[in-house]
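Read through the structure below, which is laid out as structure tokens, and then see the notes.
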Amino acid sequence: MELIKTYFPELNEKQLAQYEALYDLYTDWNSKINVISRKDIENLYPHHVLHSLGITKMMKFKDGSTVMDIGTGGGFPGIPLAIFFPEVQFHLVDSIGKKIKVGQAVAEAIGLKNVTFRHCRAEEEKQLFDFVVSRAVMPLADLVKISRKNVKKEQQNALPNGLICLKGGELQHEIHAFQKQAITIELGDHFKEEFFKTKKVVYVPL
Ligand SMILES: C[S@@+](CC[C@H](N)C(=O)[O-])C[C@H]1O[C@@H](n2cnc3c(N)ncnc32)[C@H](O)[C@@H]1O
């Protein structure tokens, strides 16, 4: 938890308390419904919360923006981002209902007002958003294909509307088709923990 405070000193007391509460909530829920690998729950802050916040290094969403998280599972990256951007509206979608229930329970417990949830395949979601975010769900080409229908034409942020996703490992192959438009950030340049050495944030305008 100190980690989050160190990297993001601008967070206020309310936000810090919300992040702090995630540990007990996810530990409890994860023992009933697996949303984080059981061995990894002790790494909740570096591997899940801080990783999700890697998206802020690509984009500081303007107040009033709307963002959909495709394949959110138990709420990543959507819930850490919704705490970080309280004036941005997040819509978290997953095709597994019991995972959505975990996200809903966590959001309710910490009093998050800027998130909505839907149990459906992202292919079925027709609402429009400024951005789509995602972590560990599907190859970039599939994400681009599915997200395109959900991205608004009118732009209100510093970058044109599009997809921002968290990716790890060898990306050359996945990113090849989008090389001209995509922007990639190395999270190892922002967070010093070993875990981030191979982690990237990829933005594709849509
Ligand atoms: C490996 S988990 C990652 C969950 C979360 N994003 C995280 O990083 O902790 C992948 C999730 O994507 C969801 N998923 C896969 N394909 C999907 C689709 N087409 N529409 C909605 N959810 C999908 C799965 O149900 C699963 O919860």
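The values are calculated or read from the model by the stated rules, or taken from the named source; none is laboratory data. Just so it is clear, the model here is predicted, and its values are computed rather than measured. For neighbour counting, all protein chains shown are included, and Cβ atoms are generated from backbone atoms with ideal geometry for every residue, glycine included. The accessibility values were calculated without ligands, DNA or RNA, using every heavy atom of the protein model including side chains. Shrake-Rupley method; radii C 1.70, N 1.55, O 1.52, S 1.80 Å.
Numerical summary
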{"item": "Förster radius 41 Å - calculated FRET efficiency between residue 17 and residue 152 (Cβ-Cβ, nearest 0.05)", "result": "0.80"}
{"item": "Burial order of peptide ranges 79-87, 19-27 (average beta-carbon count within 10 Å, highest first)", "result": "79-87, 19-27"}
{"item": "Cα-projected label distance for residue 87 with residue 63, points at 7 Å along beta-carbon direction, nm", "result": "0.2"}
{"item": "Three-way shape label, the chain, alpha-carbon gyration tensor, a/c 1.5", "result": "rounded"}
{"item": "Members of 60/145; 14/99; 5/153; 14/101; 149/197; 32/113 lying beyond 29 Å, as alpha-carbon distances in this model show", "result": "5/153; 149/197"}
{"item": "The chain: relative contact order in percent, alpha carbon pairs under 8 Å with at least 6 residues between", "result": "18"}
{"item": "Cβ charges +1 (Lys, Arg) and -1 (Asp, Glu), total dipole of the range 1-205, debye", "result": "580"}
{"item": "Protection proxy ranking, peptides 173-181, 93-101, average beta carbon neighbours within 10 Å, highest first", "result": "93-101, 173-181"}
{"item": "Å² of accessible area per residue within the range 1-205, as computed with a 1.4 Å probe and no ligands counted", "result": "48"}
{"item": "Relative packing of peptides 123-133, 44-54 - highest average C-beta neighbours within 10 Å first", "result": "44-54, 123-133"}
{"item": "The range 135-194, relative contact order [Cα under 8 Å, separation at least 6], %", "result": "36"}
{"item": "Long-range amide H partners of residue 88 with built H, under 5 Å", "result": "64"}
{"item": "Cα-based shape type of the range 134-206, given that a ≥ b ≥ c are square roots of the gyration tensor eigenvalues and the cut on a/c is 1.5", "result": "prolate"}
{"item": "Gaussian network model of the chain, springs between alpha carbon atoms under 10 Å - residue of 12, 30, 161 with greatest fluctuation", "result": "12"}
{"item": "Choice from 134, 37, 65 showing the highest fluctuation, given a GNM over the chain with Cα pairs closer than 10 Å", "result": "37"}
{"item": "Helix-only mean residue ellipticity at 222 nm for the chain, each DSSP H run of n ≥ 4 adding -39500 (n - 2.57), per residue, nearest 500", "result": "-8000 deg cm²/dmol"}
{"item": "GNM top mover of 118, 148, 38 - the chain, alpha-carbon springs below 10 Å", "result": "38"}
{"item": "At least 15 Å along the helix axis (C-alpha) and Kyte average at least -1.0, DSSP helices within the chain", "result": "97-109"}
{"item": "Spin-label pair residue 120/residue 172, simplified geometry with 7 Å Cα→Cβ offset, distance in nm", "result": "4.0"}
{"item": "Length gained when the stretch residue 40-residue 142 is fully extended (0.36 nm per residue, less Cα-Cα span)", "result": "34.0 nm"}
{"item": "Dipole moment magnitude, nearest 20 debye, the range 1-113 about Cα centre, only Lys, Arg, Asp, Glu C-beta charged", "result": "300"}
{"item": "Selected from 188, 53, 95, residue furthest toward positive end of dipole (the chain; charges at beta carbon)", "result": "95"}
